[in-house]
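Worksheet for the structure shown next.
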Amino acid sequence: MGRPVLDSDREASAADRVVLLLVPLLIGSAVAVALGVYGRLHTPTGIAVSVAGFSSPQTVKVWLASGSALFALLQLASALVMYGKVRWIAAPRWIGAAHRWSGRVAFLLSIPVAVHCLYALGVQSYDTRVLVHSMVGCLFFGAFTAKMLLLARRGLPGWALPLAGGVVFTALVTMWLTSSLWFFTTVGVQF
């Protein structure tokens, strides 16, 4: 016969769950704040990522960001299928791998964009669109860090990973809307 479950045991398990969530959230927050502080204090160089075949570093940035957003959409679709939210599609065996790889590609495409934004431009606030883009960019990398740390943890509440993934996805789409879409509608579609 086991020992009875005490209220202190329930509190300890609830406290453990809070720690499971709190540590990754604090680390992710530290990443977001560190990027924001660096971007604000760093003197922008104007030097940007450039790739042969593109007309300017800005076009490289908007196309890489667009590719990242496209892979983020694939990740959202695969997550919805994996978790049974699209009832008319049975989850194939490869959907987990497709989900992981679409997320990896989306993140890898975002790195040169972030380097361009932080190093060449810094965190700017001269208009609302640019301020939102700067802040959400920092949020994206902080939320991504927290999500990756949460993935390695067992015993999380069922809502934790979908919420973290939703924040990462929403931040990435917001960054795309405030940069690439703005560029395409203001300057035009260029390569």
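The values are calculated or read from the model by the stated rules, or taken from the named source; none is laboratory data. Only a predicted model underlies this, so the values are computations on that prediction, with no experimental measurement involved. Positions of Cβ are backbone-derived with ideal geometry, glycine not excepted, and every protein chain shown enters the neighbour counts. Calculation scope for accessible area: heavy atoms of the full protein, side chains included, ligands and nucleic acids excluded. Shrake-Rupley method; radii C 1.70, N 1.55, O 1.52, S 1.80 Å.
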Note to self: Cβ neighbours within 10 Å, averaged per peptide: list 85-95, 63-73, 178-188 in order, most packed at the top.
What the structure shows: 63-73, 178-188, 85-95
Check: By the scheme Lys and Arg +1, Asp and Glu -1, what is the net charge of all other residues having a beta-carbon under 15 Å from that of Leu21?
Finding: +3
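Starting from the exponent 0.38 and prefactor 2.2 Å, build the expected Rg for region 123-191 from its residue count and divide its actual Cα Rg by it. Write down the numbers at each step before the final one.
Numbers: Rg = 15.1 Å, N = 69, 2.2 N^0.38 = 11.0 Å.
Cα-based Rg divided by the globular estimate yields 1.37.
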Next item on the list: Could you tell me what percent of the accessible area of the chain is made up of carbon and sulfur, with a 1.4 Å probe and every protein chain present?
Entry: 71
Checklist line | Selected from Gly46, Met148, Ala77, residue furthest toward positive end of dipole (region 32-149; charges at beta carbon) | finding: Ala77
Next item on the list: At 27 Å minimum axial length over the Cα atoms and a Kyte-Doolittle cut of -0.5, report the qualifying DSSP H helices in the chain, or say none.
Entry: 7-41, 57-82, 95-115, 128-151
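Classify the chain as rounded, prolate or oblate, taking a ≥ b ≥ c as the square roots of the eigenvalues of its Cα gyration tensor: rounded when a/c is under 1.5, otherwise prolate if a/b is larger than b/c and oblate if not.
Details: a/c = 2.99, a/b = 1.63, b/c = 1.84.
Since a/c reaches 1.5 but b/c is at least a/b, the shape of the chain is classed as oblate.
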Checklist line | Accessible area (Å², per residue) of the chain, counting only protein heavy atoms and a probe of 1.4 Å | finding: 60
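Give me the orientation-averaged projected area of the Cα convex hull of region 32-112, in nm², one decimal.
Working: hull surface 30.1 nm².
Average of the hull's projected areas for region 32-112 equals 7.5 nm².
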Item checked: Environment charge of Gln75, counting only residues whose C-beta is closer than 12 Å and scoring Lys/Arg +1, Asp/Glu -1 -> +3
Item checked: Dipole moment magnitude, nearest 20 debye, region 40-191 about Cα centre, only Lys, Arg, Asp, Glu C-beta charged -> 580
Checklist line | Dipole of the chain, positive end: most advanced residue of Ile95, Val132, Pro24 [Cβ charges, Cα centre] | finding: Ile95
